[in-house]
2 protein chains.
Amino acid sequence: MTNPTAAILIIGDEILSGRTREGNAYWLAGELLAAGITLAEIRVIPDDHATIVGAVRELSARNDTLFTSGGIGPTHDDITADAVADAFGRNIDVREDARALLAAYYASRELEFTSARMRMARIPDGAALIENPVSVAPGFSIENTYVMAGVPSVFQAMVASVLPTLTGGAPLLSENWRVMRAESEVADPLREMAETYPTLSFGSYPFTMKGEFGTNLVIRGTDAALLADAYATLKTRFPEA
Amino acid sequence: MTNPTAAILIIGDEILSGRTREGNAYWLAGELLAAGITLAEIRVIPDDHATIVGAVRELSARNDTLFTSGGIGPTHDDITADAVADAFGRNIDVREDARALLAAYYASRELEFTSARMRMARIPDGAALIENPVSVAPGFSIENTYVMAGVPSVFQAMVASVLPTLTGGAPLLSENWRVMRAESEVADPLREMAETYPTLSFGSYPFTMKGEFGTNLVIRGTDAALLADAYATLKTRFPEA
């Protein structure tokens, strides 16, 4: 695997309490696949300063890119920006360009620019802003780390402006073959195929339908011709699909 | 927080590729909350031996309990059992009681007990089996780590047999108050309440409805009387809900 790698760090007590079913990681996983970036890890952690600092350091060091989601809003438990600044040894303060964006937005809506809202203009030194076309309060990037809001519409808009700037590898292609046989019956022939095609990856995903066992067989790889060849072989080995 | 802690480790390439939307962690998060166990981290990693070994060691050392999901089926990419054995420095081999369970199951269905199926009887030395009422192939526990299947119905059945044996703390209670105000407008009063009630936790979760901004305010704590008092105060501070 020579594709660049990424990790996703989801920050928020509400995910760990089971209150919110997290969807940003699932959505971004699909985007990264299409962009040829290998997702190496998803991690969900609470709104805790030391935990965020540790995870940002570890995951940004180990991967080409780190994406974070959550904790950059206006409330007292929005501590991601300060923790990311700490992780990279930067100072953080209200920055004029971010402050001006927010001031204009609240003025246009005749809303007060409170001290809570001012928190959203706190940006680590040396960071670049990430545009927020939905609700203005920006995300930011620092070194290889992209810090984005957890609200799904804002997260997706921020990723859309970030992803084209990252260098991906060859997109990962896949073929899916559905057979009505139990996973344990396809295991041996599938392992033989994995040995025949060592540069492709073979996965099997069991399901049940009307009381019968079935398995989705998935072949993944970056070489389209090789994938097509393996897929043709797979279909002859499992003609019953 | 004196409640015991847990981590969830999800193992599987199919989650990181965006192919499958993981649901076991979300479901178990709710079960742990009800049991009074604090979920400290969810981590999703690929089917890679060294990565699994490292994550199992780290998360089992740092938490009272570790739950894993995925990678204990019959195919070549089901490597969780071997990796968990390595993480705890144990040998692993086919174990007679697990083998007998599977042999009886396949015999009753007149199916061949293949070498692939035999893989599912590989259990680390000293582990205890976790019953699988759905498809027989057992999970296992070793020290504080519970190794379970990724298929949701099997995962849930295994958790149901494990969870009552774990010692939880006081269940975390919560109250939810929905206000049609932007999160940035509730931030200051909410921070004041968090200062007034330092043993409770206060969260705010923004949403939009018909173009209007709203926020769910959530108070969490283990002291029912204190929670009721704080909830009454919250409702007087935000009477517009």
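Just so you know, all these numbers are worked out from the coordinates, no wet-lab data involved. Since we're looking at a predicted model, the values are computed, not measured. We place every Cβ from the backbone using ideal geometry, glycine too, and count neighbours over all the protein chains shown.
Any chance you could check the Cα centroid distance between the stretch A:86-137 and the stretch A:148-176 for me, in angstrom? That distance is 23 Å.
For chain B, the longest principal axis of the Cα atoms and the long axis of helix B:224-237 meet at an angle of about 50 degrees. Across the stretch A:173-237, C-alpha contacts under 8 Å between residues 6 or more apart give a mean separation that, scaled by the residue count, equals a relative contact order of 43 percent. With a sphere of radius 14 Å drawn around the Cβ of B:Pro46, what net charge do the other residues whose Cβ falls strictly inside it have (Lys, Arg +1; Asp, Glu -1)? Net local charge, B:Pro46 excluded: -3.
Stokes-Einstein diffusion of the stretch B:71-166 at 4 °C, 1.567 mPa s viscosity, Kirkwood radius from Cα pairs, rounded to a whole number: 96 µm²/s.
Against the empirical curve 2.2 N^0.38 Å, the C-alpha radius of gyration of chain A lands at a ratio of 1.25. Annotation for B:Glu195, label-to-label distances across the other copies: 6.9 nm (shortest first, one decimal, point 7 Å from Cα along Cα→Cβ).
Label-to-label distances for A:Met118 across copies, nearest first, come out at 7.2 nm, using points 7 Å from Cα in the beta-carbon direction. Chain A has one residue whose beta-carbon comes closest to the axis relating it to chain B; that residue and its distance in whole Å are A:Arg43, 3. Dividing the convex hull volume of the alpha carbon atoms of the stretch B:90-134 by its residue count gives 71 Å³ per residue. Its Cα centre serving as origin, the protein assembly as shown has a Cβ charge dipole (Lys and Arg +1, Asp and Glu -1) of approximately 620 debye. The sum of -39500 (n - 2.57) across all DSSP H runs of n ≥ 4, divided by the residue count of the protein assembly as shown, sets its helix-only mean residue ellipticity at 222 nm to -11500 deg cm²/dmol.
With the simple model of a label 7 Å out from the Cα in the direction of the Cβ, B:Glu192 to B:Thr208 spans 2.9 nm.
With respect to chain A, whose longest principal axis is taken over its alpha-carbon atoms, helix A:183-196 is tilted by about 90°.
A quarter of the convex hull surface defined by the alpha-carbon atoms of the stretch A:126-165 gives 2.6 nm² as the mean projection. Size descriptors for the protein assembly as shown: radius of gyration and Dmax over Cα atoms are 24.2, 74 Å. Taken residue by residue and averaged, Cβ atoms of other chains lying within 10 Å of the Cβ of B:37-49 number 5.
Note that the stretch A:152-197 shows a convex hull volume over its alpha carbon atoms of 147 Å³ per residue.
Taking a quarter of the surface of the convex hull around the Cα atoms of the stretch A:1-119, what do you get in nm²? Result: a mean projected hull area of 9.1 nm². Computed from Cα positions, the angle between helix B:152-162 and the longest principal axis of chain B comes to roughly 80 degrees.
The other copies place their A:Pro239 label points at 7.9 nm from this one, listed shortest first, where each point is 7 Å from Cα along Cα→Cβ.
Bridge orientation summary for chain A: considering DSSP beta bridges with both residues in this region, about 60 percent are antiparallel. Spacing of the modelled spin labels on A:Thr167 and A:Arg237, each 7 Å from Cα toward Cβ, amounts to 3.6 nm. Rounded to the nearest whole angstrom, the semi-axes of the ellipsoid equivalent to the stretch A:103-241, taken from the Cα gyration tensor as √(5λ), stand at 49, 19, 12, largest first. Note on chain B: with a GNM built from Cα contacts shorter than 10 Å, the maximum mean-square fluctuation among B:Gly54, B:Gly18, B:Gly126 falls on B:Gly18.
Restriction of the trypsin sites (Lys or Arg not before Pro) in the stretch B:207-241 to DSSP coil positions whose beta-carbon has at most 14 other beta-carbons within 10 angstrom yields B:Lys210.
Remark: the stretch A:177-219 carries a charge dipole of roughly 200 debye about the Cα centre, counting +1 on each Lys and Arg Cβ and -1 on each Asp and Glu Cβ. Other residues within the sphere of radius under 14 Å centred on the Cβ of B:Leu166, judged by their own Cβ, net out at -3 (K and R +1, D and E -1). Here the label points at B:Ala104 and B:Val136, each 7 Å from Cα along the C-beta direction, are separated by 0.9 nm in the simple model.
The mean sequence separation of alpha-carbon pairs under 8 Å and at least six residues apart, normalised by the residue count of chain B, gives a relative contact order of 17 percent. Estimated translational diffusion coefficient (Stokes-Einstein, Kirkwood radius over Cα pairs, 25 °C, 0.890 mPa s) of the stretch B:173-237: 206 µm² per second.
Rounded to the nearest 20, the Cβ-based charge dipole of chain A about its Cα centre (Lys and Arg +1, Asp and Glu -1) stands at 320 debye.
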